[in-house]
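Q: Quick one: the structure is below, and I'll ask about it shortly.
Every number here is computed from the coordinates shown, using simple stated rules; none is lab data. Since the model is a prediction, treat every value here as computed from it, not as a measurement. Methodologically, a virtual Cβ is constructed for each residue, glycine included, from the backbone with ideal geometry; neighbour enumeration extends over all protein chains shown.
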C-alpha cells in the first residue's frame, strides 16, 4: 500500500500533546498532515496525568479540544499502533515506510463494551502501570481517542477469543487481522516521540520491586486521577491503606552517570504538584522530600514556596542510599543529610520515586536522525527532520506546546 499527499505534506511521528499541536498547526495553514502513534490511542503521557502545569489542569482541558479539532480537520489523517520502519529520500521528497500493528478490533467498533463483558482473560492495565487488572479486550482509557477497543490476542485463550467474537453484534472483532505496511511521500517529518519514565527497576539501591509501597511519580499521577485504579483516592498499593506518611526521592535515575546524566527538569515541580494532591486528601500527613537540588525555575518559584513552608513537610538534602521494606507494609528510607552530616533513617507508609524523563525514540540513528548525548533528537530543519516537545528536550507541557508550534512553522516551509 502506498499513499501520496499534495506538495508539502508533513508526517508527525508521535501523537502526544506535542504531536497533536504540531499536526494541527501545520494542517490549519492548509498542509496535508499524517499523524501516527505507536499506542492504540492519541494523547501520550499527558493523558496519564492527573493535572499538569502551569494551571494544574486535568488532561481533558487540553486534549479534548485538540481531539475535536483533529476530527474536524480533513487535512489530518490519523494512524494508531503505527511505527516508522524506514526513511529514504530527503527534504521535500521523503519516502517513509510505516507499519500498523493489528488491533484485532476494526472500525465497526462502537465502544459498547460487549467484548470486554464476554472476555474471560485479564492483563495488567498498561495505562495504569499495572496497578490493576483489566480484561484483555479493553478500551485503553475513558477518554481514549479514537474511542475504539483493543484486543490483546496473545493473552486470550481460544475459548475467550470465540466468546469475544460472538459477543460483538457489529462484527468488529477480527482475530485474523494482520500487520499492514504502507509508504507515505512527505516533504518534512516532525519527530514528537515523547518520553518514557526511567525504568525504576534499574536503580538497584532504591529497591523498586521490594515493596508495593514504593511507586514512581507517574504511578502517583494515576492514583490521584479520577479515572485511575483507585478512582482518585491515594491508597497504598498492595493493601489499600490510607497513608499517614510519604517520602519523595528526587533525581531517581537523573543526574547519574550510571543511568541518565541529564536533569529531567520537571521532576521537582511534579513532586510539589503531588504534595498538593496529598494535602487535599491527607492534610496532616507527614511528608519527607529527599533531594540533591530543588529546581523550580521562574514562575514556579511561588508554587514551591507554598509547600516549603508547610510545617508537615520536611526537606532533606541528601542522596538516598537504600530503601528497606518493613513488615507492616511501609518502608524505611536511608540517606545522609549533607547539611548536618547526620544519617537519616525515615520510616514512611509510602515512597514515591521521582523517576526522570528518558527519550522514547530508541532507533533514531537507524532512521537518519542525529541524537545528542542524552538520547534526545537534534532538530535539523535543513534536513527536513524537526524534533519537538520531549523528543527534543526534557520540558513541561507548556514548553512542549511552544516547541511544537515552532516545529510546525519550520515544517510547512519545506518543499514549498
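Q: Taking only Cα atoms, what is the 0 to 90° angle, nearest 10, from helix 60-72's long axis to the longest principal axis of the chain?
A: The angle comes out near 0 degrees.
Q: A further question follows. Return the percentage of antiparallel bridges among DSSP beta bridges fully within the chain, rounded to the nearest 5 %. Working shown, then result.
A: Values: 40 of 76 bridges.
So the antiparallel bridges amount to about 55 percent of the total.
Q: Whole number please: convex hull volume per residue of the Cα set in the stretch 1-105, in Å³?
A: 123 Å³
Q: Further question: Hey, could you grab the Kirkwood Rh for the stretch 42-96? Inverse mean 1/r over distinct alpha carbon pairs, Å, one decimal.
A: That comes to 14.0 Å for the stretch 42-96.
Q: What do you get for Rg/Rh of the chain when both radii come from the Cα atoms and Rh is the Kirkwood radius?
A: Values: Rg = 22.5 Å, Rh = 22.7 Å.
Dividing the radius of gyration by the Kirkwood radius yields 0.99.
Q: Under the 0.36 nm per residue contour assumption, what length would be gained going from the current alpha-carbon distance of residue 332 and residue 56 to full extension? List each step's numbers first, then the result.
A: Numbers: separation 276, 0.36 × 276 = 99.36 nm, distance 3.09 nm.
Difference between extended and current length: 96.3 nm.
Q: Note down the relative contact order for the chain as a percent, whole number, built from C-alpha pairs under 8 angstrom at least six residues apart.
A: On the way: 937 pairs, mean separation 84.8, N = 416.
Worked out over the chain, it gives 20 percent.
Q: How much length is gained on full extension from residue 261 to residue 120, taking 0.36 nm per residue of separation minus their Cα-Cα distance?
A: 46.3 nm
Q: Would you give the gap between the C-alpha center of the stretch 345-364 and the C-alpha center of the stretch 150-186, rounded to a whole Å?
A: 34 Å
Q: What is the stretch 199-356's relative contact order, in percent, from Cα pairs under 8 angstrom and six or more apart in sequence? Spell out each step's value before the answer.
A: Numbers: 310 pairs, mean separation 49.4, N = 158.
Dividing the mean separation by the residue count of the stretch 199-356 yields 31 percent.
Q: Mind putting together the pair-distance distribution for the stretch 292-367? All Cα pairs, 10 Å bins, whole percent per bin, short to long.
A: Computed distribution, short to long bins: 14, 33, 31, 15, 7, 0.
Q: Distances over 14 Å make up what percent of all Cα-Cα pairs in the stretch 170-264? Walk me through the numbers before you get to the answer.
A: Values: 3478 of 4465 pairs.
Value for the stretch 170-264: 78 percent of Cα pairs lie more than 14 Å apart.
Q: State the extension gain, in nm to one decimal, for the chain segment bounded by residue 380 and residue 108, taking 0.36 nm per residue of separation less the distance between their alpha-carbons. Write out the running numbers ahead of the final one.
A: Numbers: separation 272, 0.36 × 272 = 97.92 nm, distance 4.05 nm.
Between residue 380 and residue 108, full extension yields an extra 93.9 nm.
Q: Compute the acute angle (0 to 90°) between the alpha-carbon long axis of helix 17-27 and the principal axis of greatest extent of the alpha-carbon atoms of the chain; round to the nearest 10°.
A: Once rounded, one gets 30 degrees.
Q: Still on this structure, I have one more. Given only helices, namely DSSP H runs of n ≥ 4 each adding -39500 (n - 2.57), what is the per-residue ellipticity at 222 nm of the chain, to the nearest 500 deg cm²/dmol?
A: Details: 8 runs with 85 residues, N = 416.
Dividing the helical sum by the residues of the chain leaves -6000 deg cm²/dmol.
Q: Just 271, 340, 332 to compare: in a GNM of the chain, with alpha carbon springs under 10 Å, which one fluctuates most?
A: Looking only at 271, 340, 332, the largest GNM fluctuation is found for 340.
Q: Still on this model: Any idea how far the Cα center of the stretch 214-260 sits from the one of the stretch 306-343, in Å?
A: Taking the Cα centre of the stretch 306-343 as reference, the centre of the stretch 214-260 is 16 Å away.
Q: Report Rg (one decimal) and Dmax (nearest whole number) for the stretch 170-223, counting Cα atoms only, units Å.
A: 20.1, 51
Q: Rg and Dmax of the stretch 199-356, using alpha carbons, in Å: what are they?
A: Computed over the Cα atoms of the stretch 199-356, radius of gyration and Dmax are 14.6, 43 Å.
Q: Quick check: the angle from helix 267-281's long axis to the longest principal axis of the chain, C-alpha only, nearest 10 degrees?
A: The angle comes out near 70 degrees.
Q: Relative contact order, percent, of the stretch 286-377 when contacts are C-alpha pairs under 8 Å separated by at least 6 residues? Write out the running numbers ahead of the final one.
A: Details: 108 pairs, mean separation 16.4, N = 92.
After rounding, I find 18 percent.
Q: Further question on the same structure: Per residue Cα convex hull volume for the stretch 121-238, in cubic angstrom? Each step should come with its number before you reach the end.
A: Details: hull volume 21.6 nm³, N = 118.
Hull volume normalised by residue count: 183 Å³.
Q: Compute the FRET efficiency between residue 204 and residue 170 as 1/(1 + (r/R0)^6), taking r as their Cβ-Cβ distance and R0 = 41 Å, and round to the nearest 0.05.
A: Numbers: r = 49 Å, r/R0 = 1.20.
Approximately 0.25, to the nearest 0.05.
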